[in-house]
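Q: I am attaching a structure below and will ask some questions about it afterwards.
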Amino acid sequence: MRTWEPSSKDASAIATFRWFANALENEALELYMTDRRHFAHIESVLRRTLKEMADTQQKSRLTEEEDGCPDGWVLCDGICKPSCDPIES
């Protein structure tokens, strides 16, 4: 059974993920605003990145019996998420 064990590195890892996510967004926006002709390439890069993350997600799924999500997170289709419910606007 996989269980969540907190690590002293968690905060730094999460901050690193946020930095990369924000950097990708900023670069994409800046490139597009500089030259719209790059839209197809930017979109391709971002789609490829999401696909690679989805591939990794498939390899990381937990079973219902394993449910090793950290406190405040729930198991949704094998992945620990803040909520299984879609965010409604």
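Q: I'd like the orientation of helix 39-60 relative to the chain: the angle between its Cα long axis and the longest Cα principal axis, in ° from 0 to 90, rounded to 10.
A: 10 degrees
Q: Evaluate the distance, in nm, between pseudo-label points positioned 7 Å from the Cα of Thr49 and of Ala28 along their respective Cα→Cβ axes.
A: 0.7 nm
Q: Let me check I've understood the local charge: for Tyr32, count other residues with C-beta under 12 angstrom from its C-beta, Lys and Arg +1, Asp and Glu -1. What total comes out?
A: Computed value for this residue: -3.
Q: Taking R0 as 41 Å, what FRET efficiency do you get between Ile14 and Glu64 from their Cβ-Cβ distance, rounded to the nearest 0.05?
A: 0.95
Q: With only alpha-carbon pairs counted, each pair once and no self-pairs, how large is the Kirkwood hydrodynamic radius of the chain in angstroms?
A: It works out to 15.7 Å.
Q: Which cross-chain or sequence-distant (5 or more) residues have an amide H under 5 Å from the amide H of Ile79, H modelled 1.01 Å from N in plane?
A: Counting only residues 5 or more places away or on other chains, the set is Leu62.
No value in this document is a laboratory result; all are computed from the given coordinates. None of these values were measured; they are calculated from a predicted model. As a convention, Cβ positions derive from the backbone with ideal geometry for all residues, glycine included, and neighbour counts pool all protein chains shown.
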